[in-house]
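Step one of this worksheet: look at the structure below.
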Amino acid sequence: VDLCVFVLVDNNSVGINDPGSMNQMRMSFLNGNISNGTVLVSYDVVEAGRMNLMVHNSRGQVVTEQAFGTQGVGNYTHTLSTEGWAPGNYYVTLKNNGRPLTKKLVVR
């Protein structure tokens, strides 16, 4: 059995300074999408509910997963540490009640 993992990335939302939006959510990296240790993830919650953040490497493996619990409507900022991560491309997925928004992050 061959297992293949595809990460869905909205090409319109992978720019360095452009906020990504999908499912009426918005997410951006406040200090750009190139990290040397930490990245500030800013996101809008448009529908109160369960918020989760997952990061996958280019092989589709989960690098980190964080549950923020139930959050109300509003704007939030989260500091994501990339200390100890191998250089390369990563995909940050924010889920609101299971609906995902993914952006590319480069770690140097």
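The values are calculated or read from the model by the stated rules, or taken from the named source; none is laboratory data. A quick note: this is a predicted structure, and the numbers were derived from the prediction, not measured. Counting neighbours? That spans all protein chains shown, and the Cβs are built from the backbone with ideal geometry, glycine included. Side chains are part of the model used for accessible areas, which takes the heavy atoms of the whole protein and leaves out ligands, DNA and RNA. Shrake-Rupley method; radii C 1.70, N 1.55, O 1.52, S 1.80 Å.
Segment Glu47..Ile34, full-extension length gain: 1.8 nm, with 0.36 nm per residue of separation and the alpha-carbon distance subtracted. Measuring from a point 7 Å past the Cα of Gln24 along Cα-to-C-beta, which residues in the range 68-87 have an amide N at less than 19 Å? Residues 70-76 qualify, since their backbone N sits under 19 Å from the label point.
How large is the accessible surface per residue of the range 20-62, computed with a 1.4 Å probe and reported in Å² as a whole number?
I get 47 Å² per residue for this part.
Under 5 Å between amide hydrogens, built in the peptide plane, is the criterion, and for Ala48 it picks out Val73 among residues at least 5 positions away or on other chains. Treating each Cα of the range 20-62 as one equal point scatterer and applying the Debye formula with no solvent, the log10 of I(q)/I(0) at q = 0.23, 0.32, 0.34 Å⁻¹ comes out as -1.00, -1.15, -1.16.
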